[in-house]
2 protein chains.
Amino acid sequence: MLSKNTVKFIKSLHQKKYRSESGRFFVEGEKSVLEVLQSDFLVDTLVTTESFEERHFGQLKSFGGQHITATQKQLEDLGQYQSNDAALAVVQMKPNLAFEPAGESLILALDDVRDPGNLGTIIRVADWYGIDKLVFSPQTAEFYNPKVIQSTMGSFTRVKFFYEDLEKVFAAWQLPVYGAFLDGENIHTLQGPAAGVLLMGNESKGISPALEQKVTQKVTIPGFGKAESLNVAIATAILCDNFNRLMRP
Amino acid sequence: MLSKNTVKFIKSLHQKKYRSESGRFFVEGEKSVLEVLQSDFLVDTLVTTESFEERHFGQLKSFGGQHITATQKQLEDLGQYQSNDAALAVVQMKPNLAFEPAGESLILALDDVRDPGNLGTIIRVADWYGIDKLVFSPQTAEFYNPKVIQSTMGSFTRVKFFYEDLEKVFAAWQLPVYGAFLDGENIHTLQGPAAGVLLMGNESKGISPALEQKVTQKVTIPGFGKAESLNVAIATAILCDNFNRLMRP
């Protein structure tokens, strides 16, 4: 049964402050909860409807944490989904380890991408292209924000991410840094294979002047209409697709 | 001065029912309002802050509709933006004309894309790539939804859109139809130049079986990770970028 304290605790995880204090975040919806159960994340508590339990009896048998059965209405009250007739999981955050590149073909770096939906979508794109190392500036949106988790559609379980001072790590790594600008080399005519770091900037300000100094190759997506720019998640996807071509010719 | 009736009318435009009844929608924020003023849309009413009026005195001189000065707080109360120290415009919808292809290199068609944010982002992508004819199935999100308008970042002023029975128009047009599927031809190895219709499907169901019959070439974005799919706006952008390569070699 869902106790008052559990309800209060899970609801507190909507706020960053309480996520940080407890080192926990929540994941909701059938697909994402199943994916987090199969991942290397540690799930403390699982709240599920009876119908979810019937559908996934096998996977639930081996779950060793706290397991609570609830109604759809209770689940919807706990989480942010308007409709959730499946499950919600309380999950332990991973420690923010230091990261040393080890021959990755492409690392994705984000300079202050602030919108949680954009960050989540970018993580899903990275997972699609097999890019599993992501480096974020400290002001980038919080990975464990429920809107980030939701937009990744389960991909948050398959990437490794690191919040770092990007100037420092770029200086230490000495890798080529491809930066997305509006006045760089046409990505369609760039010669490959290209490996290193792909750096994307903030939604309104782009890449900061300090980080621009570390960019070894500016790249641009050719456009032919009148839109001034592309959304950062869209631009990330198009650039990843082009790097994919260059790296797997 | 902002009358009670004007406030009530503008607030009613948050709902589709009242947008349809009045044939009006609203546009907010500095950039979008300036773009709609420069477009072929007809603006009935303009609500602006004094600072916006000072910044854009020249553009406002020629405006012949109703012009009301308001405070930032009043603007934020009228619209959906958390912060708006600029302007809001009440704009006339355009009639939904019939559309006959006339040598466009690429027409973008959407089969039941339901999320307003996705639709708006797709319109912005189309505008970036110079695709200005968009055909939507009747169940696609409403073009004039405030979230659609917001996500287009002004691009809604530069595209022509048509809500049509897609089966019927595809049969009538007899153009090649490229459909986005997970099991189509690799878009990286497709031979060009490719002209015709690019068809994107619903967020969860993809392209409907009936429309699949009209697809002459299934195309797929090659992925190398474990994500099952891409967001529809992301997939549209990647495909448009690839068609762009094929059509402007």
- Message: What does the copy distance list look like for A:Gly58, label position 7 Å along Cα→Cβ, in nm and ordered from shortest?
- Response: 6.9
- Query: Going by the alpha-carbon gyration tensor, a ≥ b ≥ c the square roots of its eigenvalues, is segment A:148-187 rounded (a/c under 1.5) or, if a/c is not under 1.5, prolate (a/b greater than b/c) versus oblate?
  - Reply: oblate
- Message: Could you tell me what a quarter of the Cα convex hull surface of segment A:103-206 works out to, in nm² with one decimal place?
- Response: 6.8 nm²
- Note on the structure: Most fluctuating of A:Val169, A:Val27, A:Val232 in the GNM of chain A (C-alpha, under 10 Å) is A:Val169
- Around A:Gly184, which amide H atoms from residues at least 5 apart in sequence, or from another chain, sit under 5 Å from its own amide H, with H modelled in the peptide plane? A:Thr220
- Message: Which order do the peptides A:4-10, B:219-225 come out in when sorted by mean C-beta neighbours inside 10 angstrom, highest first?
- Response: B:219-225, A:4-10
- Task: Apply the Karplus parameterisation 6.51 cos²θ - 1.76 cosθ + 1.60, with θ equal to phi minus 60°, to every residue of segment A:217-233 and state each ³J(HN,Hα) to the nearest whole Hz, in sequence, with x for glycine and proline.
- Result: 8, 7, 10, 9, 8, x, x, 10, x, 10, 4, 6, 7, 10, 4, 5, 5
- Item | Student exercise, the protein assembly as shown dipole from Lys, Arg, Asp, Glu Cβ charges, in Debye to nearest 20 | 440 debye
- Task: Taking the Cβ of B:Val219 as the centre, find all other residues whose Cβ is under 14 Å away and add up their charges (Lys, Arg: +1; Asp, Glu: -1).
- Result: -3
- Vicinal HN-Hα couplings computed from phi for segment A:170-178 (Karplus, 6.51 cos²θ - 1.76 cosθ + 1.60; Hz; Gly/Pro x): 5, 5, 6, 6, 6, 9, x, 10, 8
- Between B:Ile207 and residues 5 or more places away or on another chain, which pairs have amide H atoms under 5 Å apart, with H built 1.01 Å from N, and which residues are they? B:Gly201, B:Asn202
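What's the average, rounded to a whole number, of partner chain beta-carbon atoms within 10 Å of each residue's beta-carbon in B:157-163?
1
Can you pull the mean other chain C-beta count within 10 Å for peptide A:122-135?
Average neighbour count from other chains, rounded to a whole number: 4.
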- Report, ordered by chain and residue number, the lysines lying within cross-link reach of A:Lys73, taken as a straight Cα distance under 17 Å and ignoring same-chain residues fewer than 8 apart. A:Lys4, A:Lys8, A:Lys11
- Query: When each copy gets a label point 7 Å from Cα toward the beta-carbon at A:Arg114, what are the spacings between them in nm, shortest first?
  - Reply: 3.2
- Message: Run through segment A:142-226 and list the GluC sites (Glu not before Pro) located in a DSSP loop whose Cβ has at most 10 other Cβ atoms within 10 Å.
- Response: none
- Query: Taking neighbour Cβ counts within 10 Å as the exposure measure, how do B:Ser155, A:Ser62 sort from fewest upward?
  - Reply: A:Ser62, B:Ser155
- Note on the structure: Karplus ³J(HN,Hα) for segment A:89-100 (6.51 cos²θ - 1.76 cosθ + 1.60, θ = phi - 60°; Hz, whole; x = Gly/Pro) runs 10, 9, 10, 7, 5, 8, x, 7, 6, 6, 9, 10
- Message: Under the rule a/c < 1.5 gives rounded, and otherwise a/b versus b/c splits prolate from oblate, where does the protein assembly as shown land using the Cα gyration tensor?
- Response: rounded
- Note on the structure: For chain A, averaging the sequence separation of alpha carbon pairs under 8 Å that lie six or more residues apart and dividing by its residue count, the contact order in percent is 19 percent
- Task: For segment B:32-157, evaluate the Debye formula with one uniform point scatterer on each Cα (no solvent term) and list log10 I(q)/I(0) at q = 0.09, 0.16 Å⁻¹, rounded to two decimals.
- Result: -0.30, -0.87
- Query: Taking other Cβ within 10 Å of each residue's Cβ, how do B:Met93, B:Met1, B:Met153, A:Met200 sort, fewest first?
  - Reply: B:Met1, B:Met93, B:Met153, A:Met200
- Note on the structure: Mean separation of Cα contacts under 8 Å (at least 6 apart) over the residue count of segment A:106-247, i.e. the relative contact order in percent, is 30 percent
- Task: Using only the Cα atoms of segment A:35-95, build the gyration tensor, take square roots of its eigenvalues as a ≥ b ≥ c, and label the shape rounded, prolate or oblate: rounded if a/c is under 1.5, else prolate if a/b is larger than b/c, else oblate.
- Result: oblate
- Query: If R0 is 51 Å, what FRET efficiency do you get for B:Gln217 and B:Gln92 from their C-beta distance, rounded to 0.05?
  - Reply: 0.85
- Query: Taking amide H positions as placed 1.01 Å from N in the peptide plane, with prolines and chain starts having none, which residues 5 or more places from A:His67, or on another chain, fall under 5 Å of its amide H?
  - Reply: A:Leu46
- Message: Tell me the relative contact order for segment A:164-249 as a rounded percent, counting alpha carbon contacts under 8 Å between residues six or more apart.
- Response: 39 percent
- Note on the structure: Sorting from shortest, the nanometre distances separating the label point of B:Glu21 (7 Å past Cα along the line to Cβ) from those of the same residue in the other copies are 4.7
- Query: Under the definition of partner shielding as Cβ atoms of other protein chains within 10 Å of a residue Cβ, what is the mean value for peptide A:236-246?
  - Reply: 5
- Task: State the answer as a single residue: which of A:Gln66, A:Asn5, A:Thr48 lies farthest towards the positive end of the charge dipole of segment A:4-92, with beta carbon charges of +1 for Lys and Arg and -1 for Asp and Glu, about the Cα centre.
- Result: A:Asn5
- Message: Can you tell me the length gained on complete extension of the stretch A:Leu2 to A:Glu228, counting 0.36 nm per residue apart and subtracting the Cα distance?
- Response: 76.3 nm
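Only the coordinates and a few stated rules stand behind these numbers; no lab work does. Since we're looking at a predicted model, the values are computed, not measured. Counting neighbours? That spans all protein chains shown, and the Cβs are built from the backbone with ideal geometry, glycine included.
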